[in-house]
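Okay, so here's the structure we're looking at.
The values are calculated or read from the model by the stated rules, or taken from the named source; none is laboratory data. None of the values given here were measured: they were computed from a predicted structure. Note that each Cβ is placed from the backbone with ideal geometry, even for glycine, and that neighbours are counted across all protein chains shown. To get the accessible areas, we keep the full protein, side chains included, count just its heavy atoms, and leave off ligands, DNA and RNA. Shrake-Rupley method; radii C 1.70, N 1.55, O 1.52, S 1.80 Å.
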Amino acid sequence: MQKEKMAIVTEKNKKMYSGIITAASFAVPFVLMLILCIRRNVTPFGDNTFLYLDMKRQYVDFYSYYRSVFTGNNDFLYSFSGALGQSMPGFTAYYLTSPLLIPFIFISRAQLPAAVTFLCILKISLAGLTSDMYIREHSSLPDSFSSVIFSTSFAMSAYMVSNMCNIMWLDPIIMLPVILIGIDRILEHRSPVLYILSLAFALFTNYYIAYMIIIFTVVYAACGIFISGPGQTPGGRKRSLAVYISGSAAACALPAFILLPAFMELRSSTKNSVKTGLVVTLGNLNPLDILTKLLSLAFDEDQIMNGLPHIFCGVFILVLAVLFYLNRSIPVYRKIRYAVMSGILLLSFSVAGIDIIWHAGTEPMGYQYRYAFLFVFVMISCAYESFCALGTAGTRQSGAEAGPAEARQPGAEADRRKMMCAMTAAALAAVAGIIAYAACRKMVFLDSRKLVYNLAAAGAAAVLILLWAAGRSRRIRKTALIMLAVLQAGDIMLNAYLIWSAESEQQMSVSEFRMFCADTEAALQAIPDTGDDMYRLENCTPRSENDSMQFGYSGITHYDSMNNAATLALLHSLGYEANTIFCNYDAGNTRLADGLLGIRYVLSNEGQGAPGVRFEPDDIGGEPTHSVHVYTENDALPMAVVFGADMSSAATGKTGA
């Protein structure tokens with residue numbers, strides 16, 4: 001009876017300890033991101049924001065549109081707030097299906113910058129939580145806080161931090177570890193429900209990134225089925241393959257209600273690769289150049305839009321990944337499996353013709369190699385397996401898990417330590433080789449100071465790994481592990497700081513955002529009610545290409561990836577500045593085109609009679625306390641005229657002929 005009680009207590013303690021680790025996997029990246037925001041005075045801790053790049057030009061305006069739908073001022077089916085008006089289901093499917101956006105329904109326009117900050121922090125933290133689930137699922141060590149080091153490394157990797165400005169991509173990435181756990185269960189001949197539901201949810205939140213994940217699941221499942229250890233039978237492989245295929249089909253079918261409308265809209269957009277064909281303009285990459293992006297601080301302004309893949313996740317991780325292939329205790333089939341997955345992704349980065357397939361047949365306009373998070377995840381998984389193998393050996397050496405006879409074999413322990421020293425030295429030499437290559441190639445984003453830092457960080461990581469794996473006592477091992485955690489946290493924080501600094505050079509501050517919104521709202525309130533007539537409004541001095549979605553008026557200026565190709569072509573033919581993804585209004589357009597499209601009002605802060613304002617000097621706004629003026633074009637035709645049933649035969653007579 002006493003033993004049973006002790007077993008129950010022990011089981012409760014294990015569950016409580018496991019829960020604490022799970023909470024830490026969320027809390028650690030959350031705290032690190034908070035520290036970054038406080039250090040950089042990001043709202044609500046200062047005037048800086050995450051409103052830069054496409055977060056400034058697109059998403060913060062889309063969140064205002066999202067709120068307007070729930071307040072009854074817009075809907076998810078059609079909106080006149082973009083271009084000449086557009087269907088919204090496909091737009092919503094790409095940008096606005098994240099459940100984490102629900103709080104934005106209750107957030108005022110003035111609080112949007114702070115809400116965006118916490119949205120970014122929340123998604124980074126959730127990525128840490130789910131990746132820790134996967135890491136611990138594959139751990140050969142007892143529950144240990146060491147898993148949090150690796151999950152945080154994924155959550156705050158270069159890809160994740162650099163793409164906080166593309167926040168809608170992060171939801172499927174959060175689900176990636178859960179999807180892979182689901183595949184592992186299929187390979188173990190368990191229920192496929194987790195795989196089906198997690199993949200369906202990823203498709204629902206953002207089908208574009210989920211498409212890349214689906215390609216990777218093919219590689220992951222194939223490696224698990226055909227590159228496996230002893231015990232797999234041909235019948236078992238066939239069963240796993242059949243369940244994986246049927247489960248994938250079921251997962252794609254569940255969110256069909258939102259995927260099909262999106263697919264129909266994509267057919268009429270500039271992203272239709274079936275219509276345009278596979279057009280490859282990017283050149284191939286040197287795989288060795290790509291490996292330099294594994295180094296710390298491998299980032300600058302030029303890397304934001306058109307740089308090499310963002311695959312940095314810590315120098316400590318890089319050293320462990322090399323050790324994975326050098327460690328003889330790790331089964332060969334495991335090494336082959338990871339080598340195949342990493343090799344396919346590296347080949348995809350290198351060959352432009354393969355890279356474009358990952359991007360659904362369309363070359364991205366900036367933010368290249370959008371599936372690089374997959375390489376990061378494979379590398380961290382590989383590094384953690386290496387860490388577990390070293391940890392198991394280290395535990396045996398310290399006698400913690402060995403019998404007395406094994407613990408009293410100094411010769412065997414000395415041999416293990418020598419082998420670990422040799423492996424660690426070889427891994428450090430490999431990392432030094434990458435650093436030397438970067439120096440010889442004179443990579444612009446890696447100057448001499450950064451290279452010296454990488455060499456020092458790699459050396460420190462190698463020494464601490466050796467102390468942790470080959471330490472003679474638990475105290476040495478524990479101290480080394482704490483120092484490794486501090487080293488890795490400092491490394492990823494330093495990189496996050498660098499990435500934010502580079503990307504936020506043209507950020508919009510909180511005060512600038514609020515001032516623009518207040519002035520624009522005041523100007524819009526000065527526009528008289530036109531009754532049932534519908535007119536468009538434009539801005540010669542906009543904050544972004546999506547001001548119309550921010551403030552809920554009808555306009556032609558718009559920027560999103562779902563824009564209708566025919567609409568953009570029409571606007572371009574009428575003389576407006578329009579390309580494959582956006583249309584801009586400026587003061588150089590003809591009055592005829594503006595009049596035909598119903599552009600009756602134009603906002604400007606340039607002042608009456610300024611060169612950029614060509615409309616009639618009928619300024620109905622522009623009070624002294626506001627900088628935005630409203631100009632009127634009285635000859636503009638309405639977008640539509642509403643009339644009663646008695647008008648139906650006014651012009652044609654009673655026959656309506």
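For the reader, a short list of remarks on this structure follows.
- Every pair of different Cα atoms in segment 170-265 enters the Kirkwood calculation, which places the hydrodynamic radius at 13.5 Å.
- Relative contact order (%) - segment 46-98, alpha-carbon pairs under 8 angstrom, separation at least six: 25
- Among beta bridges from DSSP that stay inside the chain, the antiparallel ones total about 70%.
- Simple label model, 7 Å out from Cα along Cβ direction - PHE226 to ARG239, nm: 2.1
- Take each peptide in 253-263, 159-169, 449-459, count the other Cβ atoms within 10 Å of every residue, and average; sorted highest first, the result is 159-169, 449-459, 253-263.
- Crossing angle, helix 112-137 versus the chain [Cα axis fit, 0-90 degrees, rounded to tens]: 30
- Spatially, segment 76-120 and segment 353-382 are offset by 26 Å when compared through their Cα centroids.
- The C-alpha atoms of the chain define a longest principal axis, and helix 2-39 lies at about 50 degrees to it.
- Helix 207-226 and the longest principal axis of the Cα set of the chain meet at an angle near 20°.
- Long pairs among LYS15/LYS478; LYS335/LYS418; LYS14/LYS238; LYS56/LYS293, criterion Cα-Cα beyond 32 Å: LYS14/LYS238
- Contact order relative to length of the chain, as percent, for alpha carbon pairs under 8 angstrom and 6 or more apart: 18
- Averaged per residue, segment 296-401 has 29 square angstrom of accessible surface, using a 1.4 angstrom probe with ligands and nucleic acids left out.
- Computed E for ARG441/HIS138 - FRET, C-beta separation, R0 35 angstrom, nearest 0.05: 0.50
- Loop-located trypsin sites (Lys or Arg not before Pro) in segment 180-273, at most 16 other Cβ atoms within 10 Å (DSSP): ARG190
- Highest to lowest packing among 629-640, 45-56, 538-549, scored as the average C-beta count within 10 Å: 538-549, 45-56, 629-640
- Segment 449-514 shape via C-alpha gyration tensor axes, a/c threshold 1.5: oblate
- Computed FRET value (nearest 0.05) for LEU77 with SER509, which takes r as the C-beta separation and R₀ as 45 Å: 0.80
- Under the combined filter of DSSP loop state and at most 15 neighbouring Cβ atoms within 10 Å, segment 313-386 retains these trypsin sites (Lys or Arg not before Pro): ARG328.
- Under 20 Å from the ILE35 label point (7 Å along Cα→beta-carbon), backbone N, segment 486-522: 486-502
- Chain lengthening between VAL486 and VAL351 when straightened (0.36 nm per residue, less Cα-Cα): 44.9 nm
- Cα-derived Rg over Rh, computed across the chain with Rh taken as Kirkwood radius: 1.04
- Normalised contact order of segment 123-179, rounded percent, pairs of Cα under 8 Å and 6 or more residues apart: 52
- Sorting ILE304, ILE476 on solvent-accessible area from highest to lowest, probe radius 1.4 Å, gives ILE476, ILE304.
- Ranked by the mean number of other Cβ atoms within 10 Å of their residues, highest first, the peptides 172-179, 76-83 fall in the order 172-179, 76-83.
- For segment 30-55 versus segment 461-481, the spacing of their alpha-carbon centroids is 35 Å.
- For segment 434-547: Kirkwood Rh in Å [reciprocal of mean 1/r, alpha carbons]: 19.8
- Only DSSP H runs of four or more residues enter the estimate; each adds -39500 (n - 2.57), and after division by the residues of the chain the mean residue ellipticity at 222 nm equals -19000 deg cm²/dmol.
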